[in-house]
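Asker: Here it is, the structure in full.
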Amino acid sequence: MKALSAVRRFIRDERGVTAIEYGLIASLIALAVGTAMTSVSSELTAVFNRVVDALTP
């Protein structure tokens, strides 16, 4: 009976759930930023190459 009671308490315990949710949100934001930076860096490289080509005699 003690083991069953302990399992029920463990299932109902919601401590730490908020921290896990914040961690998931932060990881999704980091993934989105990383994806955006990859796209932006390619565009930025192309712009700088055009500037260098224009300034090179």
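Rule-based calculations on the coordinates, nothing more; no lab input. Since this is a predicted model, take the numbers as computed values, not measurements. So basically every Cβ, Gly included, is an ideal-geometry build from the backbone, and we count neighbours across all protein chains shown.
Asker: At 7 Å along the Cα-to-beta-carbon direction for both R8 and T56, put a label point, then send me their distance in nm to one decimal.
Answerer: About 7.6 nm, to one decimal.
Asker: Between L4, V33, Y22, whose Cα lies farthest towards the positive end of the dipole of the stretch 1-47 when Lys and Arg beta carbons carry +1 and Asp and Glu beta carbons carry -1, centred on the Cα centre?
Answerer: Farthest towards the positive pole: L4.
Asker: Could you list L44, L55 in order of exposure, starting from the residue whose Cβ has the fewest other Cβ atoms within 10 Å?
Answerer: Lowest count first: L55, L44.
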